[in-house]
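Asker: Dropping the structure in here first, questions after.
The values are calculated or read from the model by the stated rules, or taken from the named source; none is laboratory data. Source: prediction; values computed, not measured. Neighbour counts are summed over all protein chains in view; Cβ atoms, including those assigned to glycine, are modelled from backbone coordinates with ideal geometry.
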Amino acid sequence: MNAVSLHGNSWLFSLDDGIDIFFQCDILCDRRNGKPMEMEGYYLYHALRYYSAREEIDISKDQQMIVDAVLKRLKSQDNFWYHSHFSSNPSESHMRFTSCAIRLLVDAYLNKNAQIQSELLKKVLHKHLSYNERMEDDIIWFLHDSLEQESEYYQDRKNVNQVWGSTKGNMLIFNTHLDTLNTLLYTLKSNVLPEESENECTKYMEGAIMSLNMVLNEANNVKSYPFQLLDSVIRSVGFKFHKKKALISQLIDRLFVAYYWRIRIRLKAVFPTFFFSDGYTERDINLPGLSFGYHVVNLWDLAKLVRLLETNNQLHLVLKIRLFKVLKKGIKYALRTDFRNTIERMMGSQTMIYTQLCEAIGIVILQYNLLNRMWIDMYMQARKGIIPTSGMLGFDPLISDIISDKRLNELKESHLISSQIDLFNDSSRGLLIINTTDYPIPLRESLLQQVENDEFLKGSSLLPKSAVVLVPNLKIGST
């Protein structure tokens, strides 16, 4: 099967299907409910880049159709995107959707799309960033959706706390805060904004990173240790029995849902933390429910942040070091506890959150130079049974730097543009090539001469199954 997974609602896309199924009346829509949503447009745009490299086909018309759909909604809705997913409020906007729309326009601008100007990117980014809250010590928290700021939708809920100086409407949803920060860093890194806008955006970035450091510090607050320990034990037992068919499992599961999960939101208010001692990461502080799958989303967003942080900035470098511990423990928790089986029972055996985990592990391996068997085995464990994304295949610029034309030609000659060969590229570190097939694959001499690590090759020209090589980019430059 030559399909590619799309983040968002876990749809699969192949060239044979065409892109029309993602549109209604020339607008990108959520295929579950027909409501407007830009998220899958971004991933569709870059899936087409993968197919273009592999098949050598012209994708410009399809990509333009996606850009046109995003611009059409932007112009028809007061120069921003609104979704009305949770309410009838016509100005309800969801920030993960708009983040994808902004990154799509940035990428189209970098691809010389004449419809998109720097001033437009400035306006939509600043509108997006305006959905924030300044909390204690002037830290900035980016909101999950406009309802947190504009209505009583969240504020009327019971058990809403106001930790860290937040307001009642702020649900303190971690992954969306990270996603907006990543979109901001990506846009700044792309050098597409006017200079005066960059200065203002840098202030937003500094405030948002301050909030991240604050919650990292909060995880080490000894007052929260008893809750962390209690929650770790109960989650471990709860995951073991959740959604199983045996009568005793169902009884235990119901007890947990009826009692502990209901008081857990109150415990989070008293001992607020996103980072637990066992490696688990929490989605939010103020929402009830069983959103445990967002542990993987958190890791995915944290890994992207690590990739985007500037290594020549001392504060960023320290943060990258701190985040490695979180990512390492979090990835092990996702793979080496009952967490995975529980998530599959909750979401289905074909859940696509493990494509996000693969992207996170690939970034971590490359960013921290972890070319060893332990990390590759964890990657292959997460990779088992899933359809890859454009990010895993090397064609999502938020996950990998753009691969140069010269390098692409080398990869094509070695038949390495494939749904079974995963690629992670960083312009300063090199290209990571992961063989996910069940057989060794040959590497051409032009690539072998550049290979930096020989742990898996051991002098051979064949890359074994479940193995990886790193090819430095600095030796060939870019075109």
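Asker: Just to be sure I understand, how many residues within the stretch 252-281 are touching a residue at least 40 places away in the same chain (Cβ under 8 Å), surrounded by fewer than 22 Cβ atoms within 10 Å (Cβ to Cβ) and either of a type in the set (D, E, K, R) or over 21 Å from Q162 (Cα atoms) (or both)?
Answerer: Residues in the stretch 252-281 being touching a residue at least 40 places away in the same chain (Cβ under 8 Å), surrounded by fewer than 22 Cβ atoms within 10 Å (Cβ to Cβ) and either of a type in the set (D, E, K, R) or over 21 Å from Q162 (Cα atoms) (or both): 3 in total.
Asker: Same structure again: Any idea which of (1) within 28 Å of the chain's Cα centre (by Cα); (2) acidic (D, E); (3) not in a strand (DSSP E or B) is the one D422 doesn't satisfy?
Answerer: The one condition D422 does not meet is (3).
Asker: Need at least 3 residues that are among the basic types (K, R), touching a His at 6+ places or on another chain (Cβ under 6 Å) and closer than 21 Å to I139 by Cα per element, so show me which helices (runs of 4 or more DSSP H) inside the stretch 199-292 make the cut, counting only ones lying wholly within it. So that I can check it myself, show each step before the final result.
Answerer: Values: elements: 225-241, 247-255, 261-270.
Fully inside the stretch 199-292 and qualifying: nothing.
Asker: Right, another one. Which of the residues spanning the stretch 230-260 are modelled with pLDDT under 80, within 27 Å of K328 (Cα to Cα) and hydrophobic (A, V, I, L, M, F, W, C)?
Answerer: F241
Asker: Yes or no: the stretch 404-422 includes at least one residue that is surrounded by 21 or more Cβ atoms within 10 Å (Cβ to Cβ) and within 24 Å of A334 (Cβ to Cβ).
Answerer: Within the stretch 404-422 (the criterion being surrounded by 21 or more Cβ atoms within 10 Å (Cβ to Cβ) and within 24 Å of A334 (Cβ to Cβ)), the answer is yes, since at least one residue qualifies.
Asker: Just a yes or no: is a residue in the stretch 451-468 closer than 26 Å to Y186 by Cβ, among the hydrophobic types (A, V, I, L, M, F, W, C) and in contact (Cβ under 8 Å) with a residue 12 or more places away in the chain? Explain how you work it out, then say what you get.
Answerer: We begin by selecting, within the stretch 451-468, every residue closer than 26 Å to Y186 by Cβ; these are 468.
Cutting the leftovers down to among the hydrophobic types (A, V, I, L, M, F, W, C) gives us 468.
From the residues that got through so far, the ones that are in contact (Cβ under 8 Å) with a residue 12 or more places away in the chain too are 468.
Scanning the stretch 451-468, I find at least one residue that is closer than 26 Å to Y186 by Cβ, among the hydrophobic types (A, V, I, L, M, F, W, C) and in contact (Cβ under 8 Å) with a residue 12 or more places away in the chain, so the answer is yes.
Asker: Tell me, yes or no, whether the stretch 96-114 has at least one residue that is within 14 Å of D68 (Cα to Cα), surrounded by 24 or more Cβ atoms within 10 Å (Cβ to Cβ) and in contact with a Gly (Cβ under 8 Å, 6 or more places away or on another chain).
Answerer: yes
Asker: From the list L193, L212, L185, L178, which one is farther than 21 Å from V306 by Cα and modelled with pLDDT of 95 or more? Steps first, please.
Answerer: Values: L212 fails: farther than 21 Å from V306 by Cα; L185 fails: farther than 21 Å from V306 by Cα; L178 fails: farther than 21 Å from V306 by Cα.
Selected residue: L193, the only one of L193, L212, L185, L178 that is farther than 21 Å from V306 by Cα and modelled with pLDDT of 95 or more.
Asker: Can you list the helices (runs of 4 or more DSSP H) found entirely within the stretch 59-139 that contain at least 2 residues being of a type in the set (K, R) and free of Cβ contacts under 8 Å to residues at least 12 places away in the same chain? Reasoning before the result, please.
Answerer: Details: elements: 60-76, 95-110, 118-129.
Result: 60-76.
Asker: Being surrounded by 18 or more Cβ atoms within 10 Å (Cβ to Cβ), farther than 22 Å from H415 by Cβ and either of a type in the set (F, W, Y) or modelled with pLDDT under 95 (or both) is true for just one of Y42, Y50. Which residue is that? Show your work before the answer.
Answerer: Numbers: Y50 fails: farther than 22 Å from H415 by Cβ.
Testing whether each residue is surrounded by 18 or more Cβ atoms within 10 Å (Cβ to Cβ), farther than 22 Å from H415 by Cβ and either of a type in the set (F, W, Y) or modelled with pLDDT under 95 (or both) leaves just Y42.
Asker: Go through the stretch 172-195 and report how many residues are crowded, with 21+ Cβ neighbours inside 10 Å and either free of Cβ contacts under 8 Å to residues at least 60 places away in the same chain or over 15 Å from C100 (Cα atoms) (or both).
Answerer: Qualifying residue count, the stretch 172-195: 6.
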